[in-house]
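What follows is calculated from the coordinates using simple rules that are stated; it is not laboratory data. In this text, all values refer to a predicted model and were calculated from it rather than measured experimentally. For neighbour counting, all protein chains shown are included, and Cβ atoms are generated from backbone atoms with ideal geometry for every residue, glycine included.
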Amino acid sequence: MRMTSEGSKGNGGPQRPTRLSAVEDKLSRALETIEAQRRQLSTVFNAVNDAIVVVDERGIIETVNDATCKMFGRPSFELVHHSVNKLMPESVAINHDHYLRDSRPHSKPSFGLPRTLAALHANGRQFPVSITLSEIPRSVDEPRRFVATIRDMTHERAREDQIRFLAFHDDATKLPNRHGILSYLESYFAAPIPPPMLFVHISLNNTSQLTACFGIEEFEQLVVAFSQRLKRVFGTAVLIGRGFGNTFHVVMPIEESESLQAKLVSVVAEPIEIQDIAVVVDVCAGTVSLPDQAADPRQAMHRAAAALMEVKSTTPKPGLPRMHAYMPSIINEMSRRTRLVHNINRAIEDREFSVYLQPKVDITDGSWVGAEALARWTQPDGSMISPGEFIPLAEQAGLVTALNRHMLSQTLRSLADSDWSRTAPLAVNISAQDLSSQNFDEVIARLLEETGVPASALELELTERDMARGSDAIRATIDRIREQGVTIAMDDFGTGYSSLAALVDLPVDILKIDRQFLRRIEDRESDRRLLKTLVTLVQDLGRTIVVEGVETEGQAAFLQQMGVRFAQGFLYARPAPAIAVLNDPSRPRK
């Protein structure tokens, strides 16, 4: 019995340590696994770029990752066991305390949704962060704990600010662009009582020529230099912005409006140097008083633009920027002009434009030696539109070529159906646009052939401005027309576009001296000397002279003394319908 009992003890004794060892091995391996997982989680925890902060329900920090220390510039021992408010500026910390109170048990805080807040760096710098808060799962008897994932939004905010800046500012000048100007005006009109302001729409003139001369990039350099001048001169302005292309906008206190002209003069006083060339800039401006003359931003922009368009129709004065203040009549006038432009093309098709003729005379005997064809527009209601109004509109709308061809055709057909002498040519006005159009010389030849009118009975008048600015291609077209036997006359001679050197080579047969040289020749010796100089110059060049605008016997007498033979004006005959002139049996003849 003893042996069996001892044997039993002997058999069971060695097994207990073996079982304990196995359990210890399992426990050791489990601990190693847990430690490995802990290290792995710690590595991941600290490898995350976003800051991770674990806090209890009182807002006391329990742990942070390395990114938190780096983001906030603090070691972990300055954060752990401290209030999370240490990471926030005071204004945000107060709100955060309220947020924590709202997150007590049984409340429903909005976890999982990012919030953008201001954070506080150890050096006192505030920076934007995005925070997402999550609650750690727990048992019923465990305290609540939260995980805050924090992302530094400094670079994102900078990119957003840059995008926003580009959306509301001009890239070249850095001034507010049209959207930025409208944004300012929206805020202005939203004020309960907007302060009185002057809204100025400024335009750089001759930009098409400048762009063609220097190129787009160089023109932008000019615009930048001009914008810098605006900022310097209009330093007290509330806003300076760039609109489309060559336009700028200034918002200034209304009490400074009297200084606007002087400021604009200062802006253009000195040339702007581009490619070692001193470019003289010219501007004009339209103004609107705010808030009296506009109810919203777009109306302010529209009415300032209308005032600008009105001033552009006026004659420029060297060194003196043109300005025009908005008036309600401007919009009405612009609407009327727009309707006229719309009606010009229809009027050509409906033959509302008719030919009037004003005779040219030989002042030695009063005989008619030709006539100038003038366009007259009679509307269906019998009212007439002045040529001084519809011709510039036709030029602006690109309809002058169609109008001139209509006049040319009607004039030749009227001549073909009359007994008017073919040795007294009829003059028809044309423009550089006509000569620039394709095969204009062939159009002339075809019309002459269709009507049976000899080329010698036709005279084409081109203004001195168009002649002086004509390209080589235009001059080649004029040469081909002259070869047909058609006479070419320069209208408005002496108005200042031609140089004397260029005059020698201009392909013209007749020079028509402008009426402005006649106005005061009866009263002023200096005007008589000037006209005599022009007459002598033209005679020396071997060109025929016609003086326009003769209205008095005194003017005619002075012209005869100067050796002028041909003239045109109310003294001899007023314009009349072509049929009446061409078929007038009492007309003075050679």
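A few notes on this one:
- Stretched out straight at 0.36 nm per residue, the stretch from GLU57 to PHE77 would grow longer than its current Cα-Cα span by 5.2 nm.
- Of the two radii for segment 368-436, the radius of gyration is 1.01 times the Kirkwood radius, both from the alpha carbons; that is the Rg over Rh value.
- Overall dimensions of segment 330-476 as given by Cα atoms, namely Rg and Dmax in Å: 16.4, 51
- Degrees between helix 15-47 axis and first principal axis of the chain (Cα, 0 to 90, nearest 10): 20
- Bins of 5 Å from zero: percent of alpha-carbon pairs in segment 404-492: 3, 15, 28, 27, 17, 8, 3, 0
- Spherically averaged projected area of the convex hull of Cα atoms, segment 125-280: 15.8 nm².
- Cross-link check: pairs LYS174/LYS317; LYS512/LYS532; LYS174/LYS312 evaluated at a Cα-Cα cut-off of 22 Å; pairs beyond the cut-off: LYS174/LYS317; LYS174/LYS312.
- Neighbours of THR63 by Cβ distance under 13 Å: Lys/Arg scored +1, Asp/Glu scored -1, total -1.
- Principal-axis analysis of the Cα atoms of the chain puts helix 387-396 at an angle of about 40° to the longest axis.
- Largest-first principal axis extents of the Cα set of segment 231-367 (Å): 67, 43, 30
- Full-extension gain in nm, ASP479 to ALA557, via 0.36 nm per residue minus C-alpha separation: 24.5 nm
- Sorted from longest to shortest, the spans of the Cα atoms of segment 451-590 along the three principal axes equal 44, 44, 21 Å.
- Size-normalised alpha-carbon gyration radius of segment 187-278, reference 2.2 N^0.38 Å: 1.22
- The simple Förster model, with R0 at 22 Å and r as the Cβ-Cβ distance, assigns GLN299 and GLU333 a FRET efficiency of 0.80.
- Among beta bridges that DSSP assigns inside the chain, antiparallel share in %, nearest 5: 70
- Remark on the chain: ratio of C-alpha radius of gyration to 2.2 N^0.38 Å is 1.78.
- Those residues of segment 164-194 whose amide nitrogen sits under 11 Å from the label point placed on ILE254, 7 Å along Cα→Cβ: 194
- Chain lengthening between SER367 and ILE34 when straightened (0.36 nm per residue, less Cα-Cα): 107.5 nm
- Principal-axis tilt of helix 440-451 within the chain, Cα atoms, nearest 10 degrees: 40
- Förster radius 22 Å - calculated FRET efficiency between SER586 and MET384 (Cβ-Cβ, nearest 0.05): 0.30
- Legend: calculated FRET efficiency, GLU218 to SER471, from the Cβ-Cβ distance at R0 = 25 Å, rounded to 0.05, equals 0.65.
- Equivalent ellipsoid semi-axes - Cα gyration tensor, segment 160-208, angstrom: 23, 20, 6
- Here each label is just a point 7 Å from Cα along the line to Cβ, and for ARG524 and HIS155 those points are 7.4 nm apart.
- All Cα-Cα separations within segment 114-202 were binned at 5 Å from zero, giving a P(r) of 3, 10, 11, 12, 10, 12, 12, 9, 7, 5, 3, 3, 2, 1, 0, each value a whole percent of the pairs.
- When you count the other C-beta atoms within 10 angstrom of each residue and take the mean per peptide, 536-542, 84-90 line up highest first as 84-90, 536-542.
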